[in-house]
Amino acid sequence: MSINENFAHYSNLFIALALVAYAAAFFAYCGEWAFGTSSRFGRSIEKLDAKGGKAKGATVGKQAAAPAVESVNATDGGNGVTVLTRAVAEDEEPTISGGNLRAEIVGRFAVMASFIGFGFHFAGVLFRGLAAHRVPWANMYEFSCAAALAMSFAYLTLLVLRKKVRWMGLPVTAIVLMTLGIAYTLLYTDAEELVPALHSYWLYIHVTAAVISTGAFGVATVATALYLLKSANEEGSLSRFNGTFDRLPSSVALDRTAYRVIAFIFPLWTFAIMAGAIWAEKAWGRYWGWDPKETWSFIVWVVYAAYLHARATHGWKGKAAAYVALAAFACVLFNYFGVNTLLTGKHSYAGL
Amino acid sequence: MSEQTDEAAELLTEDAVEAVTAERAEKLSTAPKADDGIAVPSLGFLGMLRWTWRQLTSMRIALVLLFLLSLAAIPGSILPQRSIDPSKVLTFFQSHTKWAPILDKLQLFDVFESVWFEAIYGLLFISLIGCIVPRSWAHFKAMRANPPAAPRNLKRLPVHASFSTTAQADEVLKLATKRLKGRRFKTVRGEDRAGGWVSAEKGFLRETGNLLFHLSLIGILTGVALGHFLGFKGAVLVTEGTGFSDSVTSYDSLTLGPWVGAQDLPDFSFKLNKFTASYQESGDQFAQPRTFDAYVTWKATQTAAAKNVDVQVNEPLSVNGTNIFLEGHGYSPVVEVKDGKGHVLYNGPVTFLGQDEYFDSSGAIKAPSYTAGGTDLGFQGWFLPTAFVPSGQMPASIFPAAQNPMLILSAYSGNLNMNGGGDQSVYSLDTSDMKQLSVKAKGASAASGNALELKVGQTATLPNSLGSITFVGVKQWAQFNIAYDPGQKVVLPSAILAVIGLIGSLGLRRRRIWVRVSEQADGTRLVEVAGLARTEGATPTAEVTQTAQSLAAAVRQPAPDGASA
């Protein structure tokens, strides 16, 4: 089937519009953080911190062990019985705007722009697929657009589900904007048919799993990096930015978010590698041949496996494990950009 | 490799640790305690052995081995590997004469078969087995054992719900057992000084999944080994109109597993009738291939009926478990070489190897003399599928399909040395005993040097009445990989089980819920429900709340005549 040039053109247009909307969202998120910092609420929190700073530092080592906040609920159990429930409270989500009206308005605008950007982004990816009559993630440009879309989708879905992920807005939008920008300017290639090696339904299975995994690892990395910064702050460093850090979730919550995302996506990454192996067997006659992409996917897998083990090992839990997770994502990035551009192997297709 | 080695100590909140001190005994690990350090105790030889074993099966060493494994794989992706592309290793040797032998000594061109790589994953698997076997046994016992007795003070647990009732303790506990069993908890009832209790646990499948995953890894390794010992792989290059029958000599390369003999090779044969390829003709992906089709006639055995099939990149031909994959393609110009007396020295296709995306292909034509000891003729140079001849520059191909084929050849006469010992490359001439002929065509471009330029149908006459060469036509060749790997039958199911195990291991939550009924001073009874996560972040807040509420709603108030659940 021939390429629908009109659709291909629309796709490019939508991606460009998505870039504009995400850029607007990014600056609005920045504004939200900035205005929020200078709010009275922010300052009062800083003061409180300055008072309680010492005590706070002392308890840090036992962050994971002793939950400080508890919530007590009294509910009517029926029959006139009152059930008292006491549980370790989930973290109160601090607001980024910190009560500052300007920050709040800019923040709302940011979320709105995120949704608009996602709409354009989705349309761009959709029309790319319609133009070429196939899944729109068959080369580096399309894969980047799709992975960024997966990330954006994950964040906005959690937001819609009223999960406490508002703090992710700025970093996620920054990464989405960067990925899409790199794709649009450096990796762009026309919508075309596929090389023979990609004529397989495994393209749908293997690459889709890889796209989602990559996006999710990106989200986990945001949480991990913020965890490291936040726990440094909780230990007393970076105190100049207390006003900012106090509007982030606690280090325990950030660490848990990172772990949950990785624990959720690691089986999918395993599946992506496995589906790739099955496809490789069908296309090249061997399921594993240490092609650079296979090797680096394996390295990514092993390092994330090391993270999961480290997290259950004394002396590795916490920061050391977080550094392992960062190293693992560095491997993800190299597996994508490095292997595709620097090393030659069997995973080189049209437009990289 | 044990994922929750220090689970019991790690994952409980501080409050809860006290409450479940009794459980510490059942900590599921063979690993040494974290504070053991790496100090070598003086325990004699057996003690040393035990100490080594305990270190090897500890999580720390497993972690270190995992890091080593990932680091060790890196050079395999950066340096050329013999197992992937031996010709690249040769090129590397030529361009790095000083470093290549040193790297070779370190087995850096065979990383994945090297002693050190094998040592790392060997140790990793020993560590894994040493960890998994005792854990499997412990898990088996844990699944059969009853959940532990309820802690005395349930208020210390991370989630706790309570209400007062006038209902009888027995009624509440019966109801609680029923409710928890309904939620597929494993339950046990007991009594102590403080009153009666129900203890319930759920999520054993998490550890089952964890063990299944690690056992499956052993399955994958076994399958890989089986494939290595029992399988074979080969490659063969077939030109249109020619065929292949499965015997050792007809392979261009063949690797037999240690337990496979030449007689074990299957008895199939096939012939390449036609190869077609199509390419992108415009845009920024110009010249990218779009379709490859190898039209093949094959027979499963010598006496079987012939069948036709279109072999494509993702559509291998499968013959009784042996698969034939389309791996590469290229051009074979058909030439006829005659000597000065008109004897045909060579007539047929000659394989040229594509060197770039436009298939500028290099190769050599060898035409041994008609009589022994006579003058051999040889040609080497380029085949261009779509030749473009810019003025004053070297001709080059500008498209991968054969739209304007051209041969550009240097001609040699003398001795090809084809009878000498040693292998000679099919793709280049040994010109040590040959003399280059002056063949420059009058109209030829200046830059092409001393070479013939032939289009299809053209003939060039060689100087000194040495003979002639005619470019008769163009055929294509296809390269096929032929592979048999019985280990796949073990690897694939193991891999599927590994993913299932992983989902269970990372997705399921293990938790305990206790219900305790105690007498209060006012004659009513206090019902307490509390929960504890045995895996991180799995505090069963909702389950505890719901259990408490459903109990409160179900026991009658007051309840003189028992429950009505």
Only one of B:ALA559, B:ALA498, B:ALA548, B:ALA542 that is at pLDDT below 90, touching a Ser or Thr at 6+ places or on another chain (Cβ under 8 Å) and assigned to a helix (DSSP H, G or I): B:ALA548
Flagged in the range B:479-534 as closer than 30 Å to B:PHE244 by Cβ and in contact with a His (Cβ under 8 Å, 6 or more places away or on another chain), in numbering order, are B:GLN479, B:GLY487
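Can you pull out the residues in the range A:185-204 that are touching a residue at least 40 places away in the same chain (Cβ under 8 Å) and over 14 Å from A:TRP137 (Cα atoms)?
A:ALA197, the sole residue that qualifies.
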Would you check which residues across the range B:74-101 are more than 14 Å from chain A (Cβ to nearest Cβ), within 21 Å of B:TRP116 (Cβ to Cβ) and of a type in the set (Val, Ile, Thr) and list them? none
Spot the failing condition for B:VAL172; the list is (1) free of Cβ contacts under 8 Å to residues at least 40 places away in the same chain; (2) β-branched (Val, Ile, Thr); (3) within 14 Å of chain A (Cβ to nearest Cβ), and only one is missed. (1)
Go through the range B:493-531 and give me each residue that's buried (at least 22 other Cβ atoms within 10 Å of the Cβ), in contact with a strand residue (DSSP E or B) (Cβ under 6 Å, 6 or more places away or on another chain) and hydrophobic (A, V, I, L, M, F, W, C). B:ILE513, B:TRP514, B:VAL515, B:VAL517, B:VAL527, B:VAL529, B:ALA530
Is it the case that B:LEU56 is over 18 Å from A:ALA320 (Cβ atoms) and either at pLDDT 50 or above or among the basic types (Lys, Arg) (or both)? yes
Could you tell me which residue of the range A:163-200 is farthest from the other protein chains (Cβ to nearest Cβ), considering only residues that are buried (at least 21 other Cβ atoms within 10 Å of the Cβ) and among the polar types (S, T, N, Q)? A:THR173
Residues satisfying the stated conditions in the range A:264-307, i.e. facing chain B (nearest Cβ under 7 Å), surrounded by 21 or more Cβ atoms within 10 Å (Cβ to Cβ), in contact (Cβ under 8 Å) with a residue 24 or more places away in the chain and under 23 Å from the mean Cα position of the chain (by Cα): A:PHE266, A:THR270, A:PHE271, A:TRP296, A:ILE299, A:VAL303, A:ALA305
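Could you please let me know if B:ARG534 is touching a strand residue (DSSP E or B) at 6+ places or on another chain (Cβ under 8 Å), more than 10 Å from chain A (Cβ to nearest Cβ) and under 20 Å from B:LYS178 (Cα atoms)?
Criteria not met by B:ARG534.
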In the range A:312-344, what residues are closer than 22 Å to A:THR270 by Cβ and at the interface with chain B (Cβ under 8 Å from one of its Cβ atoms)? A:ALA312, A:THR313, A:TRP316, A:CYS331, A:VAL339
Need the failing condition index for A:GLY129 against (1) away from chain B (no Cβ under 12 Å); (2) in contact (Cβ under 8 Å) with a residue 12 or more places away in the chain; (3) assigned to a helix (DSSP H, G or I), just the number. (2)
Within the range B:247-272, count every residue that is surrounded by 14 or more Cβ atoms within 10 Å (Cβ to Cβ) and of a type in the set (S, T, N, Q). 3
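Residues checked against (1) more than 21 Å from A:GLU193 (Cα to Cα); (2) more than 8 Å from chain A (Cβ to nearest Cβ); (3) touching a helix residue (DSSP H, G or I) at 6+ places or on another chain (Cβ under 7 Å); (4) β-branched (Val, Ile, Thr):
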{"site": "B:GLU281", "(1), (2), (3), (4)": "no, yes, no, no"}
{"site": "B:GLN285", "(1), (2), (3), (4)": "no, no, no, no"}
{"site": "B:PHE292", "(1), (2), (3), (4)": "no, no, yes, no"}
{"site": "B:LYS299", "(1), (2), (3), (4)": "yes, yes, no, no"}
{"site": "B:GLN302", "(1), (2), (3), (4)": "yes, yes, no, no"}
{"site": "B:ALA305", "(1), (2), (3), (4)": "yes, yes, no, no"}
{"site": "B:ASN308", "(1), (2), (3), (4)": "yes, yes, no, no"}
{"site": "B:VAL311", "(1), (2), (3), (4)": "no, yes, no, yes"}
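Would you confirm whether any residue within the range B:420-434 is of a type in the set (D, E, K, R) and in contact (Cβ under 8 Å) with a residue 24 or more places away in the chain?
There is no residue in the range B:420-434 that is of a type in the set (D, E, K, R) and in contact (Cβ under 8 Å) with a residue 24 or more places away in the chain.
Any residue at all in the range A:217-232 that is within 22 Å of A:SER11 (Cα to Cα) and either touching a residue at least 12 places away in the same chain (Cβ under 8 Å) or among the hydrophobic types (A, V, I, L, M, F, W, C) (or both)?
Step one: filter the range A:217-232 for residues within 22 Å of A:SER11 (Cα to Cα), giving none.
Checking the range A:217-232: not a single residue is within 22 Å of A:SER11 (Cα to Cα) and either touching a residue at least 12 places away in the same chain (Cβ under 8 Å) or among the hydrophobic types (A, V, I, L, M, F, W, C) (or both).
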Let me confirm something: among B:LYS202, B:LYS186, B:LYS181, which residue is out of contact with any helix residue (DSSP H, G or I) (no Cβ under 6 Å at 6 or more places or on another chain) and exposed (fewer than 15 other Cβ atoms within 10 Å of the Cβ)? B:LYS181
Residue satisfying all of: in the range A:223-250; of a type in the set (A, V, I, L, M, F, W, C) and within 20 Å of A:VAL324 (Cα to Cα); surrounded by the most Cβ atoms within 10 Å (Cβ to Cβ) among these: A:ALA223
Could you tell me whether any residue of the range B:77-86 is surrounded by fewer than 19 Cβ atoms within 10 Å (Cβ to Cβ), in a helix (DSSP H, G or I), modelled with pLDDT of 85 or more and in contact with a helix residue (DSSP H, G or I) (Cβ under 9 Å, 6 or more places away or on another chain)? yes
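The values are calculated or read from the model by the stated rules, or taken from the named source; none is laboratory data. This structure is a prediction, so every number in the text was calculated from the model and none was measured. Neighbour counts are summed over all protein chains in view; Cβ atoms, including those assigned to glycine, are modelled from backbone coordinates with ideal geometry.
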